[in-house]
Amino acid sequence: MIDSTLDAPTAFLFTGEICSKSYRLNKFAFDFKHGAVRERFANDPEALMTDYGLSDTEKALVRARDWTGLVANGGHHFNVIKIAAAVGESHLHVGAHMCGVDRDEFKQTLPHRVELMPHELGAAPRARKPRDEK
Amino acid sequence: MSRILGGIGIAHAPSMGYQFDKGVQSGFDPKWQQWYDGTRPVKAWLNELRASHMVIIYNDHMNYFDLKTYPTFAIGMAEHFPQADEGYGPRPFPGMEGDPAFAWPLARALVRDGFDLTFCQELELDHGVYSWLPYLMDPPWPLKVLPIAVNMLMQPTPTPQRLRALGESLRRAILNDGADHDVVVLATGGMSHQIHGTRFGLTNEKWDRHFLETIESGMDELIAIPMEKIMQAAGTETAELSMWYTMRASLSTGARARYRYYTLPAVTGCGVITLDEPRTKTKKVKRTRAAPARGTRSSRRARRR
């Protein structure tokens with residue numbers, strides 16, 4: 001059974017409030033689309049992170065390549081994957097990290113097919129259900 | 001007054017573009033060969049329609065718009081739309097041509113109808129457009145485009161009802177634009193997918209097929225389903241399907257599905273539907289007969305190859 005709630009860590013909905021709180025982290029990650037920023041990151045990641053005003057927590061998550069932590073701390077996944085790409089990790093690596101499994105192993109299990117239809121869901125969609133084993 | 005010839009709803013995904021480039025170079029992966037084969041009739045149909053303009057309802061993925069200024073509805077008014085570099089270098093395709101003379105009357109009508117658009121004099125198109133594009137057309141792209149980018153990344157996103165209303169306004173705008181264009185409306189949004197969280201890789205073929213079947217005549221039934229429930233059942237990013245309502249609502253209620261195809265090659269449901277306007281066909285046949293179009297058409301097709 002797949003968890004059908006939208007609560008973390010099954011999903012991390014990117015709201016306006018999260019955007020306000022984590023704006024600098026997202027700006028930092030977005031700018032990885034520019035080669036010059038990727039190059040600066042490769043040469044002196046600490047200076048780059050300081051220039052973008054990242055918090056100590058955010059810096060530690062970047063150093064640890066903790067993609068899940070970055071998204072859980074307000075990074076939009078489309079931005080976070082840009083940092084991952086700059087250090088040679090694909091979207092699949094990020095997905096495997098989210099699920100806490102090895103990338104190659106993860107690849108074998110994709111896609112995760114479900115057959116649930118929206119009308120089959122209960123009346124209280126936000127209610128947290130106990131999570132099943134992965 | 002311009003005419004709407006038909007509509008297309010189609011999925012997008014970065015892998016769709018990547019696999020196209022790989023496929024034409026060294027042969028398609030069998031799973032993607034199916035999508036390639038499945039989109040051949042769409043390409044043929046589009047080629048036959050000979051539309052002059054295509055309105056594209058899509059979403060960007062942090063490849064052009066950043067969070068600094070995030071528009072809910074942005075409309076591309078430029079003469080040229082380059083392909084966005086998503087960080088891996090641009091793919092070997094030219095940018096797309098826009099047409100400000102086509103765009104402004106429509107933009108004015110949409111604003112008059114209550115859609116306060118963000119006007120973009122520059123806009124780069126990411127895989128929201130470029131992933132399906134080479135499956136449907138060959139460069140040089142045979143038509144001019146009017147891209148409308150919808151916020152699908154940051155809550156609150158526009159409601160499905162609002163996206164339907166956008167389509168209705170778009171229809172009025174095109175049919176009363178005082179010009180003489182043949183327009184196709186295309187909406188693109190990934191079908192079932194979720195690409196973050198522990199549900200990364202979730203897909204729901206049953207939902208996707210239901211959606212593809214129902215959108216022709218049962219759009220209101222789909223819109224009545226709370227978006228959150230669709231996201232729960234089919235993945236959070238499946239919310240992108242609500243852009244397809246704009247396409248459907250821009251056509252007449254009598255528009256009929258001409259073709260549907262679905263496959264699931266990776267982690268995003270890949271589906272496509274084409275809808276014909278009922279009067280389009282007769283009109284097209286007449287126009288074809290009146291003009292010495294046969295040779296023109298096949299020579300055009302040959303050129304595109």
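The values are calculated or read from the model by the stated rules, or taken from the named source; none is laboratory data. Quantities reported herein were computed from a predicted structural model and do not represent experimental measurements. No Cβ is skipped: glycine too gets one built from the backbone with ideal geometry, and neighbour counts run over all protein chains shown.
Limited to segment A:108-122, what total is found for residues that are part of a helix (DSSP H, G or I) and surrounded by fewer than 18 Cβ atoms within 10 Å (Cβ to Cβ)? Steps first, answer last, please.
Quick first cut of segment A:108-122, residues part of a helix (DSSP H, G or I) only: A:108-109, A:118-120.
From what is left, the residues that are surrounded by fewer than 18 Cβ atoms within 10 Å (Cβ to Cβ) are A:108-109, A:119-120.
Looking only at that region, the number is 4.
Before we move on, is B:G167 more than 14 Å from chain A (Cβ to nearest Cβ) and surrounded by 21 or more Cβ atoms within 10 Å (Cβ to Cβ)? Working first, answer last.
Numbers: more than 14 Å from chain A (Cβ to nearest Cβ): yes; surrounded by 21 or more Cβ atoms within 10 Å (Cβ to Cβ): yes.
Yes.
State yes or no: is B:R248 more than 14 Å from chain A (Cβ to nearest Cβ), under 27 Å from B:P30 (Cα atoms) and modelled with pLDDT of 95 or more?
Numbers: more than 14 Å from chain A (Cβ to nearest Cβ): yes; under 27 Å from B:P30 (Cα atoms): no; modelled with pLDDT of 95 or more: yes.
Against the criterion (more than 14 Å from chain A (Cβ to nearest Cβ), under 27 Å from B:P30 (Cα atoms) and modelled with pLDDT of 95 or more), B:R248 does not qualify.
Out of (1) crowded, with 20+ Cβ neighbours inside 10 Å; (2) hydrophobic (A, V, I, L, M, F, W, C); (3) under 30 Å from A:D3 (Cα atoms), what's the single condition that is false for B:I174?
That leaves (3) as the condition not met.
What helices (runs of 4 or more DSSP H), lying completely within segment B:176-245, carry at least 1 residues that are within 12 Å of chain A (Cβ to nearest Cβ) and over 17 Å from B:T159 (Cα atoms)? Full working, then the answer.
Working: elements: B:205-214, B:219-223, B:227-234.
Helices (runs of 4 or more DSSP H) meeting the threshold: B:205-214, B:227-234.
Tell me the residue from B:D126, B:D138, B:D180 that is within 25 Å of B:T253 (Cβ to Cβ) and of a type in the set (D, E), please.
Only one candidate passes the filter, namely B:D180.
For segment A:120-133, indicate whether the set of residues that are at pLDDT 95 or above and over 19 Å from the mean Cα position of the chain (by Cα) is non-empty.
no
Of the residues B:G114, B:G95, B:G87, which is modelled with pLDDT of 95 or more and closer than 13 Å to B:Y64 by Cβ? Give the steps one after another, and end with the answer.
On the way: B:G114 fails: closer than 13 Å to B:Y64 by Cβ; B:G87 fails: modelled with pLDDT of 95 or more.
B:G95 is the lone residue from the list that is modelled with pLDDT of 95 or more and closer than 13 Å to B:Y64 by Cβ.
Which numbered condition in (1) of a type in the set (D, E, K, R); (2) surrounded by fewer than 20 Cβ atoms within 10 Å (Cβ to Cβ); (3) in a helix (DSSP H, G or I) is the only one that A:R65 fails?
Only one criterion is unmet by A:R65, namely (3).
Give me the residue from segment B:59-83 that is aliphatic (A, V, I, L, M) and within 14 Å of chain A (Cβ to nearest Cβ) and, out of that set, nearest to the chain's Cα centre (by Cα). Before the answer, list the steps.
Step one: filter segment B:59-83 for residues aliphatic (A, V, I, L, M), giving B:62, B:67, B:74-75, B:77-78.
Now narrow it down to the ones that are within 14 Å of chain A (Cβ to nearest Cβ): B:62, B:67.
Working: B:M62: 18, B:L67: 23 Å.
Among residues in segment B:59-83 that are aliphatic (A, V, I, L, M) and within 14 Å of chain A (Cβ to nearest Cβ), the one nearest to the chain's Cα centre (by Cα) is B:M62.
Taking only segment A:16-61 into account, find how many residues are among the charged types (D, E, K, R), within 14 Å of chain B (Cβ to nearest Cβ), within 20 Å of the chain's Cα centre (by Cα) and surrounded by 12 or more Cβ atoms within 10 Å (Cβ to Cβ).
Here is the first cut: in segment A:16-61, the residues among the charged types (D, E, K, R) are A:17, A:21, A:24, A:27, A:31, A:33, A:38-40, A:44, A:46, A:51, A:56, A:58-59.
The next check asks that each one be within 14 Å of chain B (Cβ to nearest Cβ); those that pass are A:17, A:21, A:24, A:27, A:31, A:33, A:38-39.
Add one more test, that the residue is within 20 Å of the chain's Cα centre (by Cα), and what stays is A:17, A:21, A:24, A:27, A:31, A:33, A:38.
Imposing the further condition that a residue be surrounded by 12 or more Cβ atoms within 10 Å (Cβ to Cβ) reduces the set to A:21, A:24, A:27, A:31, A:33, A:38.
Number of matching residues: 6.
Report every pair of residues separated by at least 6 positions or lying on different chains whose Cβ atoms are under 7 Å apart, first residue within segment B:265-279 and modelled with pLDDT of 95 or more, second part of a strand (DSSP E or B) and among the basic types (K, R).
If the second residue must be part of a strand (DSSP E or B) and among the basic types (K, R), the pairs left are B:I273/B:R260; B:T274/B:R258; B:L275/B:R256; B:L275/B:R258; B:D276/B:R256; B:D276/B:R258.
In the list A:D31, A:D44, which residue meets the criterion of being touching a helix residue (DSSP H, G or I) at 6+ places or on another chain (Cβ under 7 Å) and among the charged types (D, E, K, R)?
Values: A:D44 fails: touching a helix residue (DSSP H, G or I) at 6+ places or on another chain (Cβ under 7 Å).
The conditions single out A:D31.
Among the candidates A:E46, A:E58, single out the residue that is closer than 17 Å to A:H77 by Cα and part of a helix (DSSP H, G or I). Working first, answer last.
Values: A:E46 fails: closer than 17 Å to A:H77 by Cα.
Residue meeting the stated conditions: A:E58.
So, in segment A:5-34, how many residues would count as being in a helix (DSSP H, G or I) and of a type in the set (S, T, Y)? Give the steps one after another, and end with the answer.
Here is the first cut: in segment A:5-34, the ones in a helix (DSSP H, G or I) are A:16-21, A:23-33.
Imposing the further condition that a residue be of a type in the set (S, T, Y) reduces the set to A:20, A:23.
Here the count works out to 2.
Read through the list (1) part of a helix (DSSP H, G or I); (2) free of Cβ contacts under 8 Å to residues at least 24 places away in the same chain, then give the number of the only condition that A:G88 fails.
(1)
What single numbered condition from (1) farther than 26 Å from B:G89 by Cα; (2) touching a residue at least 60 places away in the same chain (Cβ under 8 Å) fails to hold for A:H76?
Here A:H76 meets the rest and fails (1).
Scanning segment B:81-117 for residues that are among the acidic types (D, E) and part of a loop (DSSP other than H, G, I, E, B), which turns out nearest to B:P142 (Cα to Cα)?
Taking segment B:81-117 and keeping what is among the acidic types (D, E), we get B:85-86, B:97, B:99, B:113, B:116.
Next, only the ones that are part of a loop (DSSP other than H, G, I, E, B) stay: B:85-86, B:99, B:113, B:116.
Details: B:D85: 23, B:E86: 25, B:D99: 13, B:D113: 30, B:D116: 30 Å.
Here the residue is B:D99.
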